[in-house]
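Novice: Quick one: this structure, given as structure tokens, is what I'll be asking you about.
The values are calculated or read from the model by the stated rules, or taken from the named source; none is laboratory data. All values derive from a computational prediction rather than experimental measurement. Glycine also receives a Cβ, built like all others from the backbone with ideal geometry; neighbour counts cover every protein chain displayed.
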Amino acid sequence: MQKSSYHIILADIHYPQHDEAAVNAVMSFVRKNRDRISGVTILGDGLDCADLSHHTIGKPRLRKSGGYKSDIDGFKKTILNPLDRMLKRGARKTFICGNHENWIESDLLDAMPELDGVVNIPTLLDLKERGWKWIPQGGFIRVGKIVLLHGDQIGSGVTVARKLVDLTSCTSVMGHVHQFSVASKMGSIKKGDRWAGITLPCLCTLSPGYAKGRPNAFMHGFGIIEQWPNGNGNVYVPLIFDGQFSFAGRIYSGTK
């Protein structure tokens, strides 16, 4: 009997503004399902990069001395190192650049191009040496017949899942909006064509400082593609509540 495999999708970690319990719960899932996991994608905004953002220029209270290096070192320790240890050899590992990571290019390197190759995120995270593939901002990958992208090029709003499937005309998964939503679409030429657009929850704080207490619809969660040998697959979106979620009859916890 043919078996399916899991591809894990981690959207919007925004380290160091991550939610520790939510991230730990996902790590618990990866550790306990190592043999079935064929790949992991960090779906953009893995790093928050606030210390290099144009939003914090001229606001010294929002930047900390050595903040960028501290964030790089912390992301290695908290996210990459555990994943690299737990994933089996040959697992597909991809990091798609989000709009926050792209601030390195658009805000820092545009002003100081002489630093290119020194402060770039793929270089500092040792992605090539670790076996991770870096996808520049606006790019995407396919996991079987399913497209994964960060989603800043799609936009946001309450109808963003609809926009996603309308623009891609395939089953697609994006992050960026920190919310779970789904929309479906039928192809206009071939009757059998059916696609879904899916936006994933985040793994960062649900009350970011920049929101100043304003309400939002952010949720914690991540994506699991159960991929079939023929390239099709199901997309599951476990929602994480108080550092816990369930999948396939088992509860995973990131709380002590």
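Novice: Can you name the residue in region 89-113 that is under 16 Å from Ile72 (Cβ atoms) and aliphatic (A, V, I, L, M) and is also surrounded by the most Cβ atoms within 10 Å (Cβ to Cβ) among such residues?
Specialist: Ile104
Novice: So is Arg162 closer than 23 Å to Leu203 by Cβ and at pLDDT 95 or above or not? Break it down stepwise before answering.
Specialist: Working: closer than 23 Å to Leu203 by Cβ: no; at pLDDT 95 or above: yes.
It is false that Arg162 is closer than 23 Å to Leu203 by Cβ and at pLDDT 95 or above.
Novice: Give all pairs with beta carbons closer than 6 Å in which a residue from region 146-163 that is touching a residue at least 12 places away in the same chain (Cβ under 8 Å) meets a residue that is of a type in the set (D, E, K, R) and surrounded by fewer than 22 Cβ atoms within 10 Å (Cβ to Cβ); count only pairs at least 6 apart in sequence or on separate chains.
Specialist: These pairs meet every condition: Ile154/Lys163.
Novice: Out of the residues in region 207-234 meeting the condition of being buried (at least 21 other Cβ atoms within 10 Å of the Cβ) and of a type in the set (Gly, Ala, Ser), tell me which one is modelled with the lowest pLDDT.
Specialist: Within region 207-234, the match that is modelled with the lowest pLDDT is Gly233.
Novice: Still on this structure, please answer the following. Quick one: Cys204 ticks every box in (1) touching a strand residue (DSSP E or B) at 6+ places or on another chain (Cβ under 9 Å); (2) surrounded by fewer than 18 Cβ atoms within 10 Å (Cβ to Cβ) except a single one, so which number is it?
Specialist: With respect to (1) touching a strand residue (DSSP E or B) at 6+ places or on another chain (Cβ under 9 Å); (2) surrounded by fewer than 18 Cβ atoms within 10 Å (Cβ to Cβ), Cys204 is out only on (2).
Novice: Considering only region 138-159, how many residues are surrounded by 20 or more Cβ atoms within 10 Å (Cβ to Cβ) and within 23 Å of Pro208 (Cβ to Cβ)?
Specialist: 5
Novice: In region 189-201, what residues are of a type in the set (Gly, Ala, Ser) and either closer than 11 Å to Ile13 by Cβ or buried (at least 24 other Cβ atoms within 10 Å of the Cβ) (or both)? Don't jump to the end; show me each part of the working.
Specialist: Pass one, region 189-201, residues of a type in the set (Gly, Ala, Ser): 192, 196-197.
Across region 189-201, the qualifying residue is only Gly197.
Novice: List the residue pairs whose Cβ atoms are under 6 Å apart, where the first residue sits in region 119-134 and is more than 14 Å from Ala91 (Cα to Cα), the second is assigned to a helix (DSSP H, G or I), and the two are 6 or more positions apart or on different chains.
Specialist: Close Cβ pairs (under 6 Å, with a partner that is assigned to a helix (DSSP H, G or I)) amount to Ile121/Ile104; Leu124/Ile72; Trp134/Pro122; Trp134/Leu127.
Novice: When both residues are 6+ apart or on different chains and their Cβ atoms are under 6 Å apart, which pairs have a first residue that lies in region 188-200 and is farther than 22 Å from Ile240 by Cβ, and a second that is at pLDDT below 95 and part of a loop (DSSP other than H, G, I, E, B)?
Specialist: The qualifying pairs are Asp193/Gly187; Trp195/Cys170.
Novice: Next question. Looking at Ala161, Ala196, Ala217, Ala183, which one is farther than 24 Å from Asn102 by Cβ and touching a Gly at 6+ places or on another chain (Cβ under 6 Å)? Quick ask: steps written out before the conclusion?
Specialist: On the way: Ala161 fails: farther than 24 Å from Asn102 by Cβ; Ala196 fails: touching a Gly at 6+ places or on another chain (Cβ under 6 Å); Ala217 fails: touching a Gly at 6+ places or on another chain (Cβ under 6 Å).
The unique qualifying residue is Ala183.
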